[in-house]
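Colleague: I have a structure here, written as structure tokens, and I will follow up with some questions on it.
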Amino acid sequence: MALFALFTLLMAVAGIILLVRVFASFAPGSRKLQQDLDKMKEDMDKWAGDLVPLTREEVELFSFNQEKHIMRKGFGKSAKGIFTSIYHEPVMAYSYKEYMGPGKNALLYVRTGGQEFVYRATKKGIDVLIDREKVGTLREDGGLYNKKGNRMLAQINRDAGEFLPVLVNNREVANVARLNKEESTKVGQRAFEFVREDMTQEEKDVFLSLAVLEVIEQSINR
């Protein structure tokens, strides 16, 4: 009898824990989102370490290689890791979390040697923030539109072939490679090609906001 009571109690506790996890994975409010973002940052402080600044040269050397990569699936997918250059230098860390609910619902935090990017994905699109300032919203057509939604700032062409052109202010500034799923990650496939030398800092920031998101999404969904 005592064993049955203990078993029943343990099952009840397990059920409560399961319910807590399920409800925590549903579409969050702004307060919950901020709490999750703060946790991502605090957690990343523990494992990301120092990152090499993303100069133009490092952008060209950026690869699909990852270190400390962890992927979890359950009540909403989560992932984190550090992307490296082809020479295994750590250049970008990220933390990703999906929430349950209708349509796309996720939070992504990205850190480089000198910047932070935050992405909030909903069924309306993906809000993009650079260093805590909202730049615009990325829509299904691959266009990044300004905060008012009436002007396209940049676009990534996902319908292209091996390389996906990225345009900023209607000018092609670089290409994002498609991840070769057959190729070993040890080979060090470059993530970016044809990077222009004459990008302004603003153009580079906007390019990176689209490019690193594309690289992470390809890696998560491979």
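Colleague: Within segment 137-173, what residues put their amide N at less than 15 Å from the label point 7 Å along the Cα-to-Cβ vector of D198?
Modeller: 168-173
Colleague: Choose one answer from K134, K41, K148: the residue with the largest mean-square fluctuation in a GNM of the chain with alpha-carbon springs under 10 Å.
Modeller: Maximum fluctuation in the GNM of the chain, among the listed residues, is at K148.
Colleague: Once the Cα atoms of helix 30-47 and of the chain are each reduced to a long axis, what angle between those two axes, in degrees from 0 to 90 to the nearest 10, is obtained?
Modeller: 80
Colleague: Once amide H atoms are placed 1.01 Å from N in the peptide plane, what residues at a sequence separation of 5 or more from V52, or on another chain, have their amide H within under 5 Å of its amide H?
Modeller: Hits under the 5 Å cutoff: V91.
Colleague: Any of K77/K123; K97/K204; K80/K104; K46/K68 with alpha carbons more than 21 Å apart? Name them for me. Before the final figure, lay out each step's value.
Modeller: Values: K77/K123 17 Å; K97/K204 26 Å; K80/K104 18 Å; K46/K68 12 Å.
Violating the 21 Å Cα-Cα cut-off are K97/K204.
Colleague: Report the GluC sites (Glu not before Pro) located in segment 72-149 that are in a DSSP loop and have at most 11 other Cβ atoms inside 10 Å of their Cβ, or state none.
Modeller: On the way: sites: E98, E116, E133, E140; in loops: E140.
Passing sites in segment 72-149 are E140.
Colleague: Working out 0.36 nm times the residue gap between K77 and K41, then minus their Cα-Cα distance, what length gain in nm do you get to one decimal? Don't skip to the answer; put the middle values down first.
Modeller: Numbers: separation 36, 0.36 × 36 = 12.96 nm, distance 1.81 nm.
Net length gain for the segment: 11.2 nm.
Colleague: Follow-up. Please express the Cα-Cα pair-distance distribution P(r) of segment 63-222 as a list of whole percents, one per 10 Å bin, running from 0 to the bin with the greatest distance.
Modeller: Final binned percentages: 10, 40, 39, 10, 0.
Colleague: Quick one: grab Rg to one decimal and Dmax as a whole number for segment 139-180, Cα atoms only, in Å.
Modeller: 11.0, 37
Colleague: Okay, which of segment 59-90 sit inside 11 Å, backbone N to the point 7 Å along the Cα-Cβ direction of V52?
Modeller: Under cut-off, by backbone N: 59-63, 84-90.
Colleague: Taking the chain as the reference, fit the longest principal axis to its C-alpha atoms, fit the long axis of helix 201-220 to the helix C-alpha atoms, and give the angle between the two in degrees, 0 to 90, nearest 10.
Modeller: 50
Colleague: In degrees, nearest 10, range 0 to 90: what is the angle between the Cα axis of helix 2-24 and the longest Cα principal axis of the chain?
Modeller: Tilt of helix 2-24: around 30 degrees.
Colleague: Please arrange L144, L33 by counting, for each residue, the other beta carbons lying within 10 Å of its beta carbon, fewest first.
Modeller: On the way: L144 25, L33 16.
Neighbour counts put them in this order, fewest first: L33, L144.
Colleague: Over every pair of different alpha-carbon atoms in segment 83-146, take the mean of 1/r and invert it; report that Kirkwood radius in Å. Mind showing how you got there, number by number?
Modeller: Values: mean 1/r = 0.0777 Å⁻¹.
Its Kirkwood hydrodynamic radius stands at 12.9 Å.
Colleague: Using the Kirkwood formula over every pair of different C-alpha atoms, what hydrodynamic radius in Å results for segment 66-118?
Modeller: Working: mean 1/r = 0.0830 Å⁻¹.
Result for segment 66-118 stands at 12.0 Å.
Colleague: Taking just the alpha carbons, could you work out the radius of gyration and Dmax for segment 129-212, both in angstroms?
Modeller: Gyration radius and largest Cα-Cα distance of segment 129-212: 13.6, 43 Å.
None of the figures in this text is laboratory data; all of them are computed from the coordinates on show. Small disclaimer: the values here were computed from a predicted structure and weren't measured. We place every Cβ from the backbone using ideal geometry, glycine too, and count neighbours over all the protein chains shown.
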